[in-house]
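> Pasting a structure below so you can have a look.
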Amino acid sequence: MKAALIESETRVSIDSDTDIVAARQNGRELAGWCGFPATDLALVSTAISELARNIVSHAARGEIILRLVDDGYKRGVEVRAADTGPGIPDLALAMRDGFSTSGSLGLGLPGVRRLMDEFEIISEFGRGTLVTARKWMWARWRPLELDDWLGRFGRAWAPGISA
């Protein structure tokens, strides 16, 4: 995962439920500033929430690092969750839906992998975990206005509607 940083990073220390909310709000704000549509704002903030919850539940404390990134063709949001907790002894098992060491549904890490476009996890047992996830948006993307949509697609999808 290579990309250029286009904005200074925002760091949110995580050690309580209040911090989870703060990280989620910061990530949603950053993704909104980047221009993501509302549906992707929800995906990014949900991924952040899951990663921060894992920190609180398994490592007690850590950090969420948020940044805007650009690879020349697209821009996006990078979310890094870092902790110095116990680490994950079996990453393959932890990435399976339904696996949990805490009695939860076991959808956190696999869910984050599905919500985001890129996902990488590094964990060393006894030393901590680093998760990096990115959500991308094409650099020239902009939401279609209703008139644009009707002009481009209305005739094909809804005969009788003129733009």
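> Listed residues ALA52, ALA81, ALA133; which is in contact with a helix residue (DSSP H, G or I) (Cβ under 8 Å, 6 or more places away or on another chain), at pLDDT 95 or above and not in a strand (DSSP E or B)?
The unique qualifying residue is ALA52.
> crowded, with 16+ Cβ neighbours inside 10 Å and at pLDDT below 95, is that true of GLY98?
Considered against the rule, which asks whether it is crowded, with 16+ Cβ neighbours inside 10 Å and at pLDDT below 95, GLY98 comes out as no.
> Could you give me the residue pairs with C-beta distances under 7 Å whose first residue belongs to segment 16-28 and is farther than 10 Å from LEU66 by Cβ, whose second residue is not in a helix (DSSP H, G or I) wherever it lies, and which are 6+ apart or on separate chains?
Sorted first by the residue in segment 16-28, then by its partner, the pairs are ASP19/VAL12; ASP19/SER13; ILE20/ILE14; ALA22/VAL12.
> So, in segment 29-83, how many residues would count as being without any contact (Cβ under 8 Å) to a residue 24 or more places away in the chain and touching a Lys or Arg at 6+ places or on another chain (Cβ under 6 Å)?
2
> If you go through segment 101-118 one residue at a time, do you hit one that is modelled with pLDDT of 55 or more, in contact with a Pro (Cβ under 9 Å, 6 or more places away or on another chain), more than 26 Å from TRP33 (Cβ to Cβ) and surrounded by 15 or more Cβ atoms within 10 Å (Cβ to Cβ)?
no
> Give segment 50-71 a look and list any residue that's surrounded by 19 or more Cβ atoms within 10 Å (Cβ to Cβ) and polar (S, T, N, Q), or say none.
ASN54
> When HIS58 is evaluated against the numbered criteria (1) over 17 Å from GLY128 (Cβ atoms); (2) out of contact with any helix residue (DSSP H, G or I) (no Cβ under 6 Å at 6 or more places or on another chain), which criterion, by number, is the only one it fails?
It fails just one condition, (1).
> Run SER13 past the list (1) surrounded by fewer than 21 Cβ atoms within 10 Å (Cβ to Cβ); (2) under 15 Å from the mean Cα position of the chain (by Cα) and report the number of the one that doesn't hold.
Only one criterion in (1) surrounded by fewer than 21 Cβ atoms within 10 Å (Cβ to Cβ); (2) under 15 Å from the mean Cα position of the chain (by Cα) is unmet by SER13, namely (2).
> Right, here's the next one. Filter segment 29-44 down to the residues that are small (Gly, Ala, Ser) and crowded, with 21+ Cβ neighbours inside 10 Å and list them by number.
Once the filter is applied, which keeps residues that are small (Gly, Ala, Ser) and crowded, with 21+ Cβ neighbours inside 10 Å, segment 29-44 yields only ALA31.
The values are calculated or read from the model by the stated rules, or taken from the named source; none is laboratory data. As the structure is a prediction and not an experimental result, all values here were calculated from the model. A quick note on method: Cβ atoms are made from the backbone with ideal geometry, for glycine too, and the neighbour counts reach across all protein chains shown.
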